[in-house]
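Trainee: Take a look at this one; I'll ask things after.
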Amino acid sequence: MILTFLCMALFISSSVFVQAISHYGYDALIRKICAEPKSGAVAIVDLDDASLVRYGQWPWPRYRMARLTELIFDAGAKVVAFDIVFAEPDRTSPAMLEQDISRHFNLPVRIEGIPAELADFDAIFASALRRGRAVLGCGMVVSDEPYGGELADDPGYVGQVVPICAGLGGDISEHLFQASDIRLALPSLAAAGRTAFVNANPDWDNVIRSSPLVWQYGTRIYPSLSLQAVLTFLGFSKCRLKYVKQGVEGIELKDRFIPTDRRSCVVINYRKAGEKTANYRGDFYSSFPRYSAADILEGRLPAGALDGKIVFVGSSAVGLKDIKATPVSQFFSGVEVHATIVDNILASDLLLLPDYIDGMHCMAILPVGLILVAVIARARSWVSFLFAAALVAALMKISSVLIDRWHLVFVPTWEIIAVGILYPTLTTIKFWQEEQQRKRVREMFGTMVSRTVLQYLESHPESFSLSGRRVEATMFFSDVAGFTAISEKLEPERLSELLNSYLSPMTRIIMERGGYVDKYEGDAIMAEWGVPFPMADHAVQACLAAIEQQEKLDEIRRALQMKFGYRLDVRMGLNSGSVTAGNMGSDRRFQYTVMGDAVNFAARLEPANKDYGTRIIIGEATFLAAKDAIEARLLDRIVVQGKSVPVVVYELAGRKGELERDREAVLRFYEDALRFHWDRKWEDALELLDRALKLDPSDGPCRMLTDRIRWYRNNPPPPEWAGEHVRGRKD
C-alpha cells in the first residue's frame, strides 16, 4: 500500500524525471501509431541543400523567389505558404545597389540598361505573389505580458481570428501566447497575401509535440501559418476563436471545429514517412511529397504534382537551422510541422490530450497497485508474474483503443512503471524470511571483504592460495589533499568520525562498480578492478567509479566542512596494465593484493594532480581501454621519478557526452596548445590557452601550461627535448 501511494506521489510531483518518463512513453506511442498523410492536399517545395548548391547561398534574390512562386502557381497550387520571413528589402535589387554604392563611396552612381520595372526585385516578387493565394510568414517576439504599445503596420493582417466568448466572460489575453514585437514581411509583400506566424513552441526538452494555432500581438490575434493556409485553402476569410473563462476551447471554421488546449495549442498527430520520401536524405524524416526548388526552377516538376494543393515553401538545409526535434525524429524540418498540422485539420484527426488525463493516470495507479498487492500476497510466484504481464498488456491495449477510436492520448507509462516497481519489490519481500539466515552469514563475512569478493571467493576457494598470477587490471589510488595538517588539529575521536564519513560513501561506490578495496592507509584508498575475478571493462568501471566518487564528494563536502571545520579535496590516479595478483602474506594471515610496475605508476599519478590543478589523472592504457565511455583531456607527456621514458597521461573529465559545450572547448583548446608546445610553437599555444582561460579562468592545466610556456619562451629547452615534463618527486 505504501509503495502504491509512493508511486502516486511521484507522479503528482511532476518533477523533471516524471516529465521525462512521460514524454518518453508518449513519443514511443506516437511512433507506433503514426499513419500516412490522409488529406492528400499538402506538398512541400524544399529550399534544400541541392538547391543552395545549384543557385547559391540564402537569401536568394527576390526575382528568383518570384520565378519559383510563378512556377508553383502555374503548376496548379491552390495556396502557397512561405515558412520564411521576408523582413528586409532585397539588397541585390539594382535600386538598392545604387543606394548602397552611392552611400559607401559618397558618389552618385547609376546602373544603366535595366528597365524600370526590373529595378526593384521586391516589386517583382510581390507581383508574383498576387498571381494566386499566398501566405507569408512572420516571427513573434515572445513575451510574458500583453503588449500595449503602438502596433507595427501590417497590410497582410485583416483580423482573420475573431475571439468569441462562450461562457461567463474573461480576458482572452490571459490564455494566449503573447508577443512584444513582430517581425513582418515588407509591406509591399505583405499586401500581396496574408500574414501568419511561423513560431514553434517546443516542450522543455526541445521536442515539438504541440503547437499554438493563434498568437496575440497587442490587440491583434494572428493565425499560425498552418491555420491561415487552411483558411485560404477552404476559402474562409475569418475563423472564430471560442473560449471560456478557463481558457480556449477551440477554433471554429464554419462546419468544422478544431479542438485545442487552454492556450490554443493542438496536439500534433505526426505522419509516417512515405516510401519515396523516407530516403530523401539519409538522416532526414519526411512525410509529404517534397520537391526540390532547384528541380522546379529547372522544369523537372512531375505533371500534376502540385495541382489543387496547399504548397509550403521552406527549407531542410542544415545551414538554415530550421531542423526540429519531434516524437518521430530528431531531424524534422520546421516546414514539415506546419504541413502535418494542415493535414491533421483537413483529416479531422488531431490528437486530444485533455486536462483530465493526468487525473486518470493518478487514479489508475491506485487500483493497479492494490490489485497487484492482493495477487502477489495470495498467489504463487508464477501466477503473480503472469498476472503482472497480463496487466501491462491490458493497459497497452486500452491505450491503443482510446487513440484509434477517439484520438484520445492515454499513455500508461506510469501505470506500467508502478507495476515494474511493485512486482519485484513485493516479490522480494515475500521471500525475505526464507533468505534471512543465509543473509546473516553473508553479512558476517561481508564486514571483512567486499560483497563481490566474498561471492567470488565462495565460488572459487582455490583463490585462497598464496601463489600469484598475471592479470590485466586497473589500479586506483586516492588521497585527501592536506590531510596531515587536518589530522594534527582534530581530536582523535573527531578525526575518526571524519574519516568514516568520507571513506564510507567512497567505499560503497567502489564496491558498486565491481571494485576491490585493497587497503586503507589513513585517508588514502587503494582499489583494483579486474581482480580477484576477471572483468572485461575494468578500466571503464574504474573511471566511472572515480567520477562518481568526486560527484559524491561534491554533495557531502559542504556538510563535512560545516561539521568538522575542514574542506576535503581528493586527488585520484588510475592506471591499467599487467600485474601480479594473489594472496600475499603468511600462512596464517594474508591479504589479496596486486604488485607490479603498473601499480607503482598509478600511485605516482595521484600526487601528480598537484602539478596541474586536476582531480583525476589516468594513464594512457586506461584511456585507450575506456575512451568510448569517458571524456578525457590529453594532459601531458611526463617522466616520473625512477623512469627515463616519457609517458602520456590524461585528465579524466567526465562521462561520454556529458561535457558542457564551453568545457569541451576548453579541453580541445588545451590539447591543441599542448601539441603546439611540443612543437615549440609558443605563441600559437599561448593564443589557444588565452581563449581557453577566457571560457574558464580557473582551469588548472591551462594556467600551468601558460606558466610553463612563458618560462620556455625565455629559457628554451635543450634540442633533444621532446615535450616531456620531468617530475622530480614522488608525492
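Trainee: Of the conditions (1) under 30 Å from Ala28 (Cβ atoms); (2) assigned to a loop (DSSP other than H, G, I, E, B), Ser211 satisfies every one except a single condition; which number is it?
Mentor: (2)
Trainee: A further question follows. Just checking, does segment 638-656 include any residue being acidic (Asp, Glu) and more than 25 Å from Phe483 (Cβ to Cβ)?
Mentor: Within segment 638-656, none of the residues are acidic (Asp, Glu) and more than 25 Å from Phe483 (Cβ to Cβ).
Trainee: Here are some conditions: (1) in contact with an Asp or Glu (Cβ under 6 Å, 6 or more places away or on another chain); (2) in the same structural domain as Glu548 (by TED's automatic domain parsing); (3) not β-branched (Val, Ile, Thr). Lys643 meets all but one. Which one does it not meet?
Mentor: Against the list (1) in contact with an Asp or Glu (Cβ under 6 Å, 6 or more places away or on another chain); (2) in the same structural domain as Glu548 (by TED's automatic domain parsing); (3) not β-branched (Val, Ile, Thr), Lys643 comes up short only on (1).
Trainee: Give the residues of segment 61-83 that are in contact with a Leu (Cβ under 8 Å, 6 or more places away or on another chain) and either modelled with pLDDT under 90 or assigned to a loop (DSSP other than H, G, I, E, B) (or both), sorted by residue number.
Mentor: Selection gives Ala75, Gly76, Ala77, Asp83.
Trainee: When segment 136-178 is examined, which residues are found to be touching a Pro at 6+ places or on another chain (Cβ under 9 Å) and either crowded, with 17+ Cβ neighbours inside 10 Å or under 20 Å from Phe236 (Cα atoms) (or both)?
Mentor: Within segment 136-178, Asp154, Pro155, Gly156, Gln160, Val161, Ile172, Leu176, Phe177, Gln178 meet the criteria.
Trainee: Can Ile618 be described as assigned to a strand (DSSP E or B), in contact (Cβ under 8 Å) with a residue 12 or more places away in the chain and surrounded by 15 or more Cβ atoms within 10 Å (Cβ to Cβ)?
Mentor: yes
Trainee: Could you tell me which numbered condition Gly613 fails, if it satisfies all but one of (1) in contact with a helix residue (DSSP H, G or I) (Cβ under 9 Å, 6 or more places away or on another chain); (2) surrounded by 16 or more Cβ atoms within 10 Å (Cβ to Cβ); (3) within 28 Å of Val648 (Cα to Cα); (4) small (Gly, Ala, Ser)?
Mentor: (2)
Trainee: Looking at segment 299-323 only, could you name the residues that are assigned to a strand (DSSP E or B) and either of a type in the set (Val, Ile, Thr) or assigned by TED's automatic domain parsing to the domain that holds Lys78 (or both)?
Mentor: Ile310, Val311, Val313, Ile323
Trainee: Would you check if there is a residue in segment 106-127 being part of a strand (DSSP E or B), touching a helix residue (DSSP H, G or I) at 6+ places or on another chain (Cβ under 6 Å), in contact (Cβ under 8 Å) with a residue 60 or more places away in the chain and of a type outside the set (Phe, Trp, Tyr)?
Mentor: No, segment 106-127 contains no residue that is part of a strand (DSSP E or B), touching a helix residue (DSSP H, G or I) at 6+ places or on another chain (Cβ under 6 Å), in contact (Cβ under 8 Å) with a residue 60 or more places away in the chain and of a type outside the set (Phe, Trp, Tyr).
Trainee: Show the residue pairs meeting these rules: Cβ distance below 6 Å; 6+ apart or different chains; first residue within segment 288-307 and under 16 Å from Gly56 (Cα atoms); second residue surrounded by 18 or more Cβ atoms within 10 Å (Cβ to Cβ) and of a type in the set (Gly, Ala, Ser).
Mentor: So the pair list comes out as Ser292/Ser51; Ala293/Ser51; Ala294/Ser51.
Trainee: Moving on. Residue check: is Gly700 exposed (fewer than 11 other Cβ atoms within 10 Å of the Cβ), of a type outside the set (Asp, Glu) and within 40 Å of the chain's Cα centre (by Cα)?
Mentor: So Gly700 fails the test.
Trainee: So, one more: Would it be correct to say that Ser348 is surrounded by fewer than 19 Cβ atoms within 10 Å (Cβ to Cβ) and modelled with pLDDT of 85 or more?
Mentor: yes
The values are calculated or read from the model by the stated rules, or taken from the named source; none is laboratory data. Note that this is a predicted model, so its numbers are computed, not measured. Please note: Cβ atoms are built from the backbone with ideal geometry, for glycine as well, and neighbour counts cover all protein chains shown.
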